[in-house]
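Engineer: Here's a structure for you.
The values are calculated or read from the model by the stated rules, or taken from the named source; none is laboratory data. Keep in mind that what you see is a predicted model, and the values were worked out from it rather than measured. Virtual Cβ from ideal backbone geometry, glycine too; neighbours counted across all protein chains shown.
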Amino acid sequence: MLRLQTALVAAVFLIGAGTAQAQQTWPLKPVRLIVANAAGAAVDTGARIVASALSASFGQAVTVENRPGAEGYLAAQAVARADSDGYTLFFASQSIFAIDPHIKKNFPFDLERDFTPIAVLVDDTGPVGLFAHPSMPFTTLQEMVSYHRANPGKLSIAISVPQFSMLSSWIDKRAGIETLQVPYKSAAQAVQDIVAGRVSLFLTNFGFFERYVKAGKVRPLLVTRPAEGWSQIPTLASIFPDFTYQTFFALVGPGGMPRELVLQMNRAVAAVVEDPKFNQSLTKIRWRNLKGARTPEGTADFQARTRAQWGQFIRDIGLEPR
């Protein structure tokens, strides 16, 4: 009996020691941060700011691996299929974790099974702006609506991101108009056409397009939230008080990650988002973390609440799953 008790104690000790050793030894090699956007894109810039900060906090290099294509699914699949050892992580946004479950009939992921939420990196990716070419005879949304009603079919809007297509549809529905959406494969192509006046309007990230506003090449009509230094531009919520538009980037791993490893990562991310230098770097691209890293459970809850908000947004514009 004594031998059995001794063996059990020894086994428990070894298990505990193994867990502690695993915590102490991760990471032993560089960590991959999978990004669903191409190198050089605005999201890639933010991801590299995050990767640099995480490298210092993890004590090991965090390298950005760009996997653009298939609406972000190539990147998501690379993470979902990876080992759950903490060396492959996802720079995950609302696109897959909040929007696509509502608009894809055959959404290919089980978010709870395939991924492990770790922490929130960014909970505000900056204001989105609605811009008009200076030749357009209006300076406000209300004037734009009047112009559209007097000139039906003449307003076109450049769209380079599916999410902005939904936002444009929401504005149209609430304003009682119907602009012609012109899809572009990249924001760079859309920029050329709005600056040249080949399209009337452009909906894009304000930070990305700010230099064109300063140069007088476009006219801002509204923003989704206040843009620092541009208090004269009205927000959508000031026109439509029920407007909500939550965006984020979270650190997510493959499903089934060990609890202790997730907590270790969460603590490292919390140290990053509390660092003033990190937040200053985010501010330069108009990103923010307003409420901290959250716990892993808090991250999952935040994603679920954001998913519910986007579900209502999508129902409001009458978009059916496809």
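Engineer: Take the conditions part of a helix (DSSP H, G or I) and either modelled with pLDDT of 95 or more or farther than 30 Å from residue 199 by Cα (or both) and apply them to residue 145. Does it pass? Explain how you work it out, then say what you get.
Structural biologist: Details: part of a helix (DSSP H, G or I): yes; either modelled with pLDDT of 95 or more or farther than 30 Å from residue 199 by Cα (or both): yes.
Yes; evaluated as a whole, the condition is true for this residue.
One line per residue, one yes/no per condition, for (1) within 16 Å of residue 121 (Cα to Cα); (2) at pLDDT below 95; (3) of a type in the set (A, V, I, L, M, F, W, C):
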position: 23; (1), (2), (3): no, yes, no
position: 30; (1), (2), (3): no, no, no
position: 38; (1), (2), (3): no, yes, yes
position: 44; (1), (2), (3): yes, yes, no
position: 58; (1), (2), (3): yes, no, yes
position: 85; (1), (2), (3): no, no, no
position: 100; (1), (2), (3): no, no, no
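Engineer: Those residues that are touching a helix residue (DSSP H, G or I) at 6+ places or on another chain (Cβ under 7 Å) and under 19 Å from residue 114 (Cα atoms), I need them from region 32-70; list them, please.
Structural biologist: Selection gives 33, 34, 35, 36, 67.
Engineer: Shifting gears a bit: Only one of these conditions is not met by residue 219: (1) surrounded by 14 or more Cβ atoms within 10 Å (Cβ to Cβ); (2) within 19 Å of the chain's Cα centre (by Cα); (3) not β-branched (Val, Ile, Thr). Which number is it?
Structural biologist: Every listed condition holds for residue 219 apart from (2).
Engineer: Now a separate question. Testing residue 250 on (1) without any contact (Cβ under 8 Å) to a residue 12 or more places away in the chain; (2) not in a helix (DSSP H, G or I), one condition comes back false. Which one is that?
Structural biologist: All conditions are met except number (1).
Engineer: For a quick check of your reading: which strands (runs of 3 or more DSSP E) sit entirely within region 27-116 and have at least 2 residues that are small (Gly, Ala, Ser)? Walk me through how you get there before you give the answer.
Structural biologist: Values: elements: 31-35, 62-66, 88-93.
It comes to 88-93.
Engineer: Being buried (at least 17 other Cβ atoms within 10 Å of the Cβ) and among the polar types (S, T, N, Q) is the requirement here; does residue 244 meet it? Let's see the steps before the verdict.
Structural biologist: Numbers: buried (at least 17 other Cβ atoms within 10 Å of the Cβ): no; among the polar types (S, T, N, Q): yes.
No.
Engineer: Would you confirm whether any residue within region 125-147 is among the charged types (D, E, K, R), assigned by TED's automatic domain parsing to the domain that holds residue 207 and free of Cβ contacts under 8 Å to residues at least 60 places away in the same chain? Spell out how you get there, then give the answer.
Structural biologist: Step one: filter region 125-147 for residues among the charged types (D, E, K, R), giving 143.
If we keep only those that are assigned by TED's automatic domain parsing to the domain that holds residue 207 as well, we get 143.
Those still in the list that are free of Cβ contacts under 8 Å to residues at least 60 places away in the same chain too: 143.
Scanning region 125-147 turns up at least one residue that is among the charged types (D, E, K, R), assigned by TED's automatic domain parsing to the domain that holds residue 207 and free of Cβ contacts under 8 Å to residues at least 60 places away in the same chain.
Engineer: A further question follows. Run down 104, 154 and say which single residue is more than 26 Å from residue 299 (Cβ to Cβ) and of a type in the set (D, E, K, R). Outline the logic, then answer.
Structural biologist: Working: 104 fails: more than 26 Å from residue 299 (Cβ to Cβ).
Just one listed residue meets the conditions, 154.
Engineer: Now for a different question. Could you tell me whether residue 76 is closer than 17 Å to residue 41 by Cβ and in contact (Cβ under 8 Å) with a residue 12 or more places away in the chain? Step through it out loud before you land on a result.
Structural biologist: Working: closer than 17 Å to residue 41 by Cβ: yes; in contact (Cβ under 8 Å) with a residue 12 or more places away in the chain: yes.
The answer is yes for residue 76.
Engineer: Also, I was wondering about something else. Which of the residues spanning region 281-322 are touching a strand residue (DSSP E or B) at 6+ places or on another chain (Cβ under 9 Å), part of a helix (DSSP H, G or I) and among the β-branched types (Val, Ile, Thr)?
Structural biologist: Correct list: 299 only.
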